[in-house]
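Notes follow the structure.
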Amino acid sequence: MSYEIPYKIYLEEKEMPDSWYNVRADMKNKPAPILNPATLKPITVEELTPIFCEELAKQELDDTTPYIKIPQEIRDFYRMYRPAPLVRAYCLEKKLGTPAHIYYKFEGNNTSGSHKLNSAIAQAYYAKKQGLKGVTTETGAGQWGTALSMACSYFDLDCQVYMVKVSYEQKPFRREVMRTYGAQVTPSPSMTTEIGKKINAEFPGTTGSLGCAISEAVEAATKQEGYRYVLGSVLSQVLLHQSIIGLETKAALDKYGIKADTIIGCAGGGSNLGGLISPFAGEILRGEADYDIIAVEPASCPSLTRGRYAYDFCDTGKVCPLAKMYTLGSGFIPSANHAGGLRYHGMSSIVSQLYDDGILTARTAEQTEVFKAAQEFARVEGILPAPESSHAIKVAIDEALKCKETGEAKNIVFGLTGTGYFDMVAYGKFNDGEMSDYIPTDEELEASFAKLPKVD
Ligand SMILES: *Cc1c(COP(=O)(O)O)cnc(C)c1O
C-alpha cells in the first residue's frame with residue numbers, strides 16, 4: 001500500500017479557519033422564520049434576548065451574512081484541540097476490500113468526547129462578554145452538558161444543567177465529569193421549577209425527556225437575574241459554530257487535491273451534519289460543485305425520513321419559539337435507543353430546508369446494525385466510536401461495499417462525531433446479544449402528527 005495521502009491529514013494551527021460560514025446566506029429558499037409561541041409571528045431579536053444571549057440571538061436570525069469572524073478568545077480555546085484530524089481509514093478500506101477511499105473527520109479528541117464543545121465554547125464566550133452570571137441548559141445523553149461545563153469553567157461562568165432523569169441515574173460518570181468542571185446538575189423533571197412540578201404531578205415516577213428538560217432550563221434562566229438559556233443543537237447559531245468541522249474538512253481535502261464524492265453524517269438535531277456539510281452545500285447552492293450528501297438517523301427516531309415538514313414546538317412545555325422543521329411531533333417519545341444524542345423529535349430548520357430542496361438525502365439505520373458497524377470500525381481503526389457517530393460509520397461502510405461491486409474508487413467522507421466510553425452499558429447489551437430494534441408504526445406517528453400545532 002502506498003501512502004501518498006498521510007494517515008492523518010493535519011492542518012496547521014495557522015490553517016484553522018478564522019470565520020464560521022453561514023450557509024443560510026447562500027440558500028435561495030431560506031429556512032422558515034422561527035415564531036414567537038405567544039403571537040405566532042416571526043420572532044425578533046428583542047423578543048429572543050430575555051432567553052438567549054444578545055449576540056447569539058442576532059446570529060440566530062441572521063440569514064444573510066456569509067462569514068462571521070471567530071472571536072480571538074474562541075480561537076484560542078479551539079487551538080487546544082483543533083484543527084481536528086481528517087483521517088484516511090486505510091485499515092477499514094483494506095478490511096472491506098473496497099476500492100473506495102474513506103476519510104473521517106474526528107471530533108472526539110477532547111474531554112467532552114464530541115463535537116459539541118465547538119458551540120459550547122462560543123455560547124459561553126458570548127454569555128461572558130454580555131456580563132452574565134451564568135447559563136442554564138438541558139442534557140440528555142450528557143455530551144452537551146459536559147461540553148458546556150468545560151466551556152463555562154474556562155470563562156468562569158455558572159453552569160446549571162437539567163439532566164434527563166433516566167440518564168442522571170444511568171450515567172453517573174457523565175454527571176461527575178460535569179460536577180468536576182463545576183456545573184450544578186439537577187435530574188429532570190425536578191421539583192425546582194413550575195413545569196417540573198407540573199410534569200411530576202401529571203406523570204408520577206416519570207424518568208423525563210429532553211423536551212421536558214429544555215422547558216425546565218428555559219424557566220430557570222428566565223427566573224434568575226443574569227442568566228440565559230443555551231442549547232447544544234437544532235438552532236441555526238449552533239450550526240454556524242459547527243461549520244468549523246466542514247471548513248476544516250474542506251481545507252484538508254483541498255490541501256491534498258481530493259474531491260469528496262459522498263459526505264455522510266449522523267443526524268439528531270442536525271448540528272454536526274449541518275456543520276460538516278455547510279461549505280459543501282454552499283458549493284452546490286452556488287452551482288460550483290456536486291456532492292452526494294447523506295444524513296443518517298436512527299430507525300427509532302426518523303424525523304427526516306418519516307416526519308412532517310411543519311411548524312412545531314421545540315420543547316414539551318411549549319415555551320421555546322416554534323420552528324418549521326421535519327418533525328415527529330413534540331409529544332413523540334422515541335423508544336429507549338442507545339444513541340441518546342439522536343433521540344430528538346425535530347431537526348434543524350436549515351437541514352430541513354436543504355433536505356426539502358433535495359440538497360441532501362436521508363436514510364435510517366437500526367441500532368443492532370449500527371453497533372455491528374461500530375465494532376467493525378473499532379477493531380480496525382482503533383477508535384471506540386459513540387453510538388451516534390456509528391450511524392454514519394454504518395452508511396459509510398455500506399457505500400464502500402457498493403464501490404466494491406461497481407469498482408468505483410469514490411472518495412467517501414464521514415463525520416466521526418465522538419467517542420463512546422460512556423456508552424459501555426449499550427456496548428454490553430450488544431456484546432451479550434441482548435440489543436433490540438424498535439421502529440415506530442405509522443399509527444404511532446399519525447397519532448403524534450395529529451397534535452402538531454395549527455400554524456399555516
Ligand atoms: C449530540 C451528538 C450527536 C447528535 O447531535 P447533532 O446535533 O445531530 O449533531 C452526534 N454525535 C455525538 C457524539 C453527539 O454527542
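Scanning the range 224-268 for residues that are within 15 Å of the ligand (Cβ to nearest atom), outside any helix (DSSP H, G or I) and open to solvent by less than 10 Å² (accessible area, probe 1.4 Å) turns up Val230, Gly232, Ile263, Ile264, Gly265, Cys266, Ala267, Gly268. Gly282 satisfies every condition listed in (1) assigned to a helix (DSSP H, G or I); (2) in contact (Cβ under 8 Å) with a residue 40 or more places away in the chain; (3) under 17 Å from Ile412 (Cα atoms) except (3). Out of the residues in the range 315-336 that are open to solvent by less than 20 Å² (accessible area, probe 1.4 Å) and not in a strand (DSSP E or B), which is modelled with the lowest pLDDT? Taking the candidates together, the pick is Pro334.
Yes or no, residue by residue, for (1) aromatic (Phe, Trp, Tyr); (2) at pLDDT 95 or above; (3) open to solvent by 20 Å² or more (accessible area, probe 1.4 Å); (4) within 18 Å of Gly269 (Cα to Cα):
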position	(1), (2), (3), (4)
Gly341	no, no, yes, yes
His345	no, no, no, yes
Ile350	no, yes, no, yes
Tyr355	yes, yes, yes, yes
Leu360	no, yes, no, yes
Arg363	no, yes, yes, yes
Val370	no, yes, no, no
Val380	no, yes, yes, no
Ala392	no, yes, no, yes
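The test for being within 16 Å of the ligand (Cβ to nearest atom), assigned to a helix (DSSP H, G or I) and either of a type in the set (Asp, Glu) or in contact with a Ser or Thr (Cβ under 6 Å, 6 or more places away or on another chain) (or both) holds for Gly145.
Test Tyr126 against the stated conditions and say whether it is open to solvent by less than 30 Å² (accessible area, probe 1.4 Å), farther than 23 Å from Arg174 by Cα and not assigned by TED's automatic domain parsing to the domain that holds Leu384. So Tyr126 passes the test. Residue pairs whose Cβ atoms lie under 9 Å apart, separated by 6 or more positions or on different chains, with the first residue in the range 399-427 and farther than 30 Å from Gly140 by Cα and the second within 16 Å of the ligand (Cβ to nearest atom) and assigned to a helix (DSSP H, G or I), are Ile412/Ala396.
Quick one: in the range 378-417, which of the residues that are polar (S, T, N, Q) and touching an Asp or Glu at 6+ places or on another chain (Cβ under 6 Å) is farthest from the ligand (Cβ to nearest atom)? Checked the range 378-417; the qualifying residue farthest from the ligand (Cβ to nearest atom) is Asn411. For the range 175-215, the set of residues classified as part of a helix (DSSP H, G or I), exposed (fewer than 15 other Cβ atoms within 10 Å of the Cβ) and of a type in the set (A, V, I, L, M, F, W, C) consists of Ala201 only.
The values are calculated or read from the model by the stated rules, or taken from the named source; none is laboratory data. Treat the numbers as computed from the prediction; the structure is a model and nothing was measured. As a convention, Cβ positions derive from the backbone with ideal geometry for all residues, glycine included, and neighbour counts pool all protein chains shown. When the accessible area is computed, the model is the full protein with side chains, heavy atoms only, and any ligands, DNA or RNA have been set aside. Shrake-Rupley method; radii C 1.70, N 1.55, O 1.52, S 1.80 Å.
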